[in-house]
1. Here are some conditions: (1) in contact (Cβ under 8 Å) with a residue 12 or more places away in the chain; (2) over 20 Å from Phe158 (Cβ atoms). Phe421 meets all but one. Which one does it not meet?
2. Inspect all residues belonging to region 411-422 and state whether any of them is touching a Gly at 6+ places or on another chain (Cβ under 6 Å) and surrounded by 15 or more Cβ atoms within 10 Å (Cβ to Cβ).
3. Pairs only if they're at least six apart or on different chains, beta carbon under 8 angstrom, first in region 32-57 and over 19 Å from Val80 (Cβ atoms), second of a type in the set (Val, Ile, Thr); list them, first residue then second.
4. Among Trp347, Trp341, Trp246, which is modelled with pLDDT of 90 or more and hydrophobic (A, V, I, L, M, F, W, C)?
5. Here's a check for you: in region 447-473, which residue that is without any contact (Cβ under 8 Å) to a residue 40 or more places away in the chain and assigned to a helix (DSSP H, G or I) is nearest to Arg161 (Cα to Cα)?
6. Please verify whether region 109-129 includes one or more residues that are within 13 Å of the chain's Cα centre (by Cα), assigned to a helix (DSSP H, G or I) and in contact (Cβ under 8 Å) with a residue 60 or more places away in the chain.
7. Please verify whether Leu331 is within 24 Å of Ser461 (Cα to Cα), at pLDDT 90 or above and buried (at least 24 other Cβ atoms within 10 Å of the Cβ), treating the condition exactly as stated.
8. Take Thr456 and decide whether it is polar (S, T, N, Q) and in contact with a helix residue (DSSP H, G or I) (Cβ under 9 Å, 6 or more places away or on another chain).
Amino acid sequence: MNVIVRLPFFVILMGLGALAMLVPSAHAVVVSDFDTMRIFFYGFVLFSFVTLLIALATAGYAPASVARSQLLALLAAFSVLPVMFAIPFYVAVQNTSFMNAWFEMVSCFTTTGATVYDTSGRLTGSQHLWRGLVGWMGGLLVWITAVSIFAPMNLGGFEVRAAGGRGRNAIGTFSQIGRISDPSERLVRYTLSLTPIYIGLTILLWVGLVMAGEPPFVGLMHAMSTLSTSGISPIGGLYFATSGFWGEVLIFGFFIFALSRLTFSRGIIGEADSGLRRDPEFLTAIALILSVTFLLFMRHFLAAADTPRVENAAQGFAALWGALFTVTSFLTTTGFESRFWSGATLWSGLDTPGLFLIGMALIGGGVATTAGGVKLLRIYALFRHGEREQERLLHPSSIGGGGKDARRIRKQGAYISWIFFMLFALSIAAVMVLLSLTGVQFETGMVLTVSALSTTGPLASVGAETPISYAGIPDSAKAILAAAMVLGRLETLAIIALFNPEIWQR
């Protein structure tokens, strides 16, 4: 065990990815899909052997900079591992290109959920299972690395609370922690702490969906997609789910784990005294969800007020639930669309603007969760800073209260949040320009860019006036979007940190 722990992080991830190929292989045996079974089993044998060779070659490797090594390993995980995941998938699907298979695996592993295989019956059940499993593993990797890599370095949203205080020098803080605690031991500790929680929550939601009437395979896929916020579905979304309203209620309850890290990791990183009632991320999410849902519902309600019908109350409740579920789903960057979402249009006769959902996906979920986007904590810091600046305009001599932490968030936290927001906006502009060079139209490029950088792939089907198919865009555009997915998953600040001179020193 100690020998495995001492291996480079990327090599361990390769081994786990190879081992995971046994899952679709075993499923293919059960459903008598022996061609897929052999392909994934051979993939397991091949990549296990490759992993073993790389492990023997790097067994004595000692990185000069722990911070650089871990960030590079994480970057390699999201950019190189999808190639390994795509090879058996490409061979199993047969009538596809390797570019499409690679794009699909990047999308799954970054928990984006954008798919080029949106035709019903194109993939077998075992191949769908591989998509869901890769996305589920990507979500678990985000959980673990957020608290074991990003938190000590004050990246990934943790810099908002640390700015100006103990995190004044992020690299220095990490170096001090690194001298005290072995990074490999820290990874093992957080893996052992978070993996049982992640697996347990997935099983709990799976059992609940099956009890609500969902077939076991579809229930498992939707459970993995909900916990990883990938939005991957083997049946084209929740509209075709047999669990109906109660299945959506169960999934809605599990969205909370993408809104705040305190729902699953309380006490792990020194926040034992915090609770959801005082968590700014959770409170910000509730305020956003309720306000946007109210605006969407009232828009349809006022339009339907002049058409009194007996079924108006039932349609009104369906429209309210559809808005509440879908808004929450896109805020968590899961991208599941409620089966009642389109019912609001039938009720009022008005189309629901997808721009609302684009805004929700841009904001994103909580820090150290599987959700993407700008993150709720950064939005909260910018809001508090704006609130304080408005107060100073009215009362220039006033003193801001709330204690040391509140003042830090309003000042240094808001400053670093604004920097990230500008980098995020520049990333959107750069990706849109690159997509335009491949021939993608402006509106289509905007929706695809936001869906990639916020890791909300299903946004393409509801964000534009007409649904966008990933299968219809050029291969060059797919490569650009795949790079944007990796950038959105790792965040710009983490990439920039690799170029920090201090991180290249021991």
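The values are calculated or read from the model by the stated rules, or taken from the named source; none is laboratory data. Because the structure is predicted, anything quoted here is derived from the model rather than measured. Here the Cβ is made from the backbone with ideal geometry for all residues, glycine too, and neighbour counts use every protein chain on show.
1. Against the list (1) in contact (Cβ under 8 Å) with a residue 12 or more places away in the chain; (2) over 20 Å from Phe158 (Cβ atoms), Phe421 comes up short only on (2).
2. Applying the first criterion (touching a Gly at 6+ places or on another chain (Cβ under 6 Å)) to region 411-422 yields 412.
From what's left, surrounded by 15 or more Cβ atoms within 10 Å (Cβ to Cβ): 412.
Taking every residue of region 411-422 in turn, at least one turns out to be touching a Gly at 6+ places or on another chain (Cβ under 6 Å) and surrounded by 15 or more Cβ atoms within 10 Å (Cβ to Cβ).
3. Asp33/Thr124; Thr36/Thr124; Met37/Val29; Ile39/Val91
4. Details: Trp347 fails: modelled with pLDDT of 90 or more; Trp341 fails: modelled with pLDDT of 90 or more.
Answer to the check: Trp246.
5. Just the residues of region 447-473 that are without any contact (Cβ under 8 Å) to a residue 40 or more places away in the chain, to begin with: 448-449, 466-468, 472-473.
Next, only the ones that are assigned to a helix (DSSP H, G or I) stay: 448-449, 472.
Numbers: Leu448: 31, Thr449: 29, Gly472: 43 Å.
By that ranking, first place goes to Thr449.
6. no
7. Details: within 24 Å of Ser461 (Cα to Cα): yes; at pLDDT 90 or above: yes; buried (at least 24 other Cβ atoms within 10 Å of the Cβ): yes.
When the stated conditions are applied, Leu331 passes them.
8. On the way: polar (S, T, N, Q): yes; in contact with a helix residue (DSSP H, G or I) (Cβ under 9 Å, 6 or more places away or on another chain): yes.
So Thr456 fits the description; yes.
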